[in-house]
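Before any comments, here is the structure.
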Amino acid sequence: MAAQQPAAAPSTDFRAWVDGWAAQSGVEVELRIEDLDGKSMRTLFPIAVAALTNVAQHASAQMVAVMVRGGLATATLTVADDGAGFDPAVVPPGHGLRGMTERLLAAGGVLTIHSAPGQGTAITAEVPRG
């Protein structure tokens, strides 16, 4: 699926994109969006697109959980799959992780990756809210 998103990405557009991704990829998605402002959503939307593209291309996952949540000072996106996993210390080129990290750093945020071969992957992106 093309990694395109609308110029403004309110939660309804994000839900629609995730639903389309799930239908095309065949991966079951559990999606939760809680208390998120538009600016944070626009920052996190392309990170979610890149993460789900990675799931479709590399993970061989059956299920992925996507949670986007606004806190008092930060907004957080977590994408966790039950796929193949990988060693984060040995990231092959083309996985989009560098681009996600660079985009988050530019927004004052951070990307955390938890993964191991055979144990799935969870990425968490956190950015200042609003």
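Nothing in this text is a laboratory measurement; each read-out follows from the coordinates by a stated rule. Not measured: the values here are computed from a predicted model. We place every Cβ from the backbone using ideal geometry, glycine too, and count neighbours over all the protein chains shown.
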Charge sum, other residues only, whose C-beta stays under 13 Å from residue 78's C-beta, Lys/Arg counted +1 and Asp/Glu -1:
-2
Within the under-15-Å Cβ sphere about residue 121, not counting residue 121, Lys/Arg +1 and Asp/Glu -1 give a net charge of -3
At what distance in nm do the modelled label points of residue 87 and residue 65 sit from each other, each positioned 7 Å from its Cα along Cα→Cβ?
2.7
For the chain, rounded, prolate or oblate, judged on the Cα gyration tensor with a ≥ b ≥ c (square roots of eigenvalues), a/c < 1.5 rounded, else prolate if a/b > b/c?
oblate
Could you work out the mean projected area of the convex hull around the alpha carbons of region 68-130, in square nanometres to one decimal?
4.4
Net charge of neighbours whose Cβ lies under 15 Å from the Cβ of residue 14, counting Lys and Arg as +1 and Asp and Glu as -1
-1
Toy charge model, Lys and Arg Cβ at +1, Asp and Glu Cβ at -1: the chain dipole around Cα centroid in debye, rounded to 20, equals 360
Full extension between residue 31 and residue 102 adds, at 0.36 nm per residue less the Cα distance, a length in nm of 23.1 nm
At R0 = 30 Å the Cβ-Cβ FRET efficiency linking residue 72 and residue 116, nearest 0.05, sits at 0.40
Can you give the extra length, in nm with one decimal, that the chain gains between residue 19 and residue 39 once fully stretched, where that is 0.36 nm per residue apart less the Cα-Cα distance?
5.0 nm
